[in-house]
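Notes follow the structure.
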Amino acid sequence: MNQHWNPHFDRLLSRRELLKASSAGFGSLALAGLLGDAARAGSVIGSAAADPLAPKPPHFEARAKRVIFLFMAGGPSQLETFDYKPLLNQRNGEQLPDSVRMGQRLTGMSGNQSSLPLAGSIYKFDQHGRNGTWVSELLPHTAKVVDDLCIVRSMFTEAINHDPAITFLQTGSQISGRPSMGAWVHYGLGSDNANLPAFVVLITPGKVDQPLYARLWGSGFLPSRHQGVQFRSGKEPVLYLNNPDGVSPESRRLLLDCLKELHEHAAEKLGDTEIDTRISQYEMAYRMQTSVPEVMDLAGEPEHVFDLYGADAKKPGTFAANCLLARRLAERGVKFIQLYHQGWDQHGNLPKGIQQQCRETDQASAALITDLKQRGLLDDTLVVWGGEFGRTNYSQGKLTATDYGRDHHPRCFTVWLAGGGVKPGLVYGSTDEFGYNIATDGVHVHDFHATLLHLLGVDHERLTYFHQGRRFRLTDVHGQVVKAILA
């Protein structure tokens, strides 16, 4: 230790003392203003609680208490799933009319093709449910629950390539660095379970045609406590959560208590909100050592539940197992549950590829709706299914009787929602007979986000955070609630 240590050195290093001593105290006034902005940024829906993870009241009565987002990364083809276009089969192989394309940009993958032949789906569509909703034969299980779904056929986005498109749909901006949907929800509404994260991420392993980045469930400029926590299959569901060999729960508790005292001392001196975040995250990790193994253990689920979700439900990490786990997390009050299933980017060999993707996801997606409904959870759980954009109505590459591909298409795509205050059995919006442009009731990504927040009882214009001189929100300066789909 330095023998010449000055006992007042801590005071000299304090930013408050430095600013107070500078420019006749004007620096202190500036710091007070900055701290005031920080305080205002954290008091959007409720007053800043002693526990930063505590539940916060919504702006108005919520229809949904939680969200389960089934994200089909890569862009599933709406033309093979929910948007039936018999004209494409009638005119299969003909050129995409200029009057339909209207000069809209294409990706570099098909923009240089000498031919853009229209490609009808080789899969059959049939009408299902009370309203005769068209659903592809690829989705027989989803077709059985179609009366519980609100299918939006008129989604559109601004991004034509994967990274900006998925970033846009997940964060409200094509540029990385913004908070994700789940982070915004956690920031605005807090947590309903002190022993589990409010925002959990589950990823089907083994599919990497388009990579996923942790920033897609990150907190951006929000405090880091709001970021998503990825749960994995295997012996260590959350990385670095377990105690190392030789460390007992009692010694870990003692260590955390001492560390908390040090952090509280530092927080008092420096006024850094991230120190409070660090304290709360350490405490959450300690509680999760018990809560996470319990929720991840599917052994207690009865056999008829596994039959409902399909054989894959017994295989940890599969989409089916993750859907069952999502239901268990929803039961325990987790606010936002994000599932990612990759592999939907079918530029070629689409018929075989999408058949496999639907086989992996169809039964479990429908089972989740049925399971939630049987348990009385669907009414206040909003389930969402969809990807970052759609696919073109023309073939990328060679078109044959049994094979074709589809390029990225931001102009129109399909998502469905269920439960949580949306109208069941509704098909909202439509595309033209070529499946290339929106014909009625377009829903922009910002509209989608505004509606999702509205169902959670949050006014998207009031959920803001002050950062770098201005207030930010999930919907930026756009977005309208799609009232026609509200129950």
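A few remarks follow.
- Of the strands (runs of 3 or more DSSP E) lying entirely inside the range 359-475, those containing at least 1 residues that are on the phi > 0 side of the Ramachandran plot and not acidic (Asp, Glu) span 381-386.
Here's the yes/no breakdown for (1) in contact with a helix residue (DSSP H, G or I) (Cβ under 7 Å, 6 or more places away or on another chain); (2) hydrophobic (A, V, I, L, M, F, W, C); (3) outside any strand (DSSP E or B); (4) under 20 Å from Ile438 (Cβ atoms):
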{"residue": "Asp83", "(1), (2), (3), (4)": "no, no, yes, yes"}
{"residue": "Leu87", "(1), (2), (3), (4)": "no, yes, yes, yes"}
{"residue": "Asn92", "(1), (2), (3), (4)": "no, no, yes, no"}
{"residue": "Arg105", "(1), (2), (3), (4)": "no, no, yes, yes"}
{"residue": "Ser114", "(1), (2), (3), (4)": "no, no, yes, no"}
{"residue": "Asn131", "(1), (2), (3), (4)": "no, no, yes, no"}
{"residue": "Trp134", "(1), (2), (3), (4)": "no, yes, no, yes"}
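- Residue count for the range 206-216 under the criterion of being outside any helix (DSSP H, G or I) and buried (at least 16 other Cβ atoms within 10 Å of the Cβ): the result is 3.
- Residues of the range 476-487 satisfying the condition of being free of Cβ contacts under 8 Å to residues at least 24 places away in the same chain and either in a helix (DSSP H, G or I) or surrounded by 14 or more Cβ atoms within 10 Å (Cβ to Cβ) (or both): Lys483
- Just one of (1) farther than 29 Å from Leu169 by Cα; (2) assigned to a loop (DSSP other than H, G, I, E, B); (3) not charged (D, E, K, R) fails for Gln127. It is (2).
- Condition met for Val422 (surrounded by 24 or more Cβ atoms within 10 Å (Cβ to Cβ) and hydrophobic (A, V, I, L, M, F, W, C)): yes
- Ser219 modelled with pLDDT of 95 or more, surrounded by 21 or more Cβ atoms within 10 Å (Cβ to Cβ) and assigned to a loop (DSSP other than H, G, I, E, B): yes
- Counting the residues of the range 314-358 that are closer than 29 Å to Gly120 by Cα and part of a helix (DSSP H, G or I) gives 10.
- Verdict on Gly234 being more than 21 Å from Phe69 (Cβ to Cβ) and surrounded by fewer than 18 Cβ atoms within 10 Å (Cβ to Cβ): yes
- For the range 118-167, the tally of residues that are over 27 Å from the mean Cα position of the chain (by Cα) and among the β-branched types (Val, Ile, Thr) stands at 1.
- Condition met for Gln338 (at pLDDT 95 or above and more than 30 Å from Ala487 (Cβ to Cβ)): no
- Residue check, Phe434 assigned by TED's automatic domain parsing to the domain that holds Met181, touching a strand residue (DSSP E or B) at 6+ places or on another chain (Cβ under 9 Å) and closer than 26 Å to Ser219 by Cβ: no
- Scope the range 307-331; condition more than 21 Å from Lys235 (Cα to Cα) and of a type outside the set (A, V, I, L, M); matching residues: Asp307, Tyr309, Gly310, Glu331
The values are calculated or read from the model by the stated rules, or taken from the named source; none is laboratory data. Everything numeric in this text was worked out from a predicted model, so none of it was measured. Here Cβ is always computed from backbone atoms with ideal geometry, including for glycine, and neighbour counts include all displayed protein chains.
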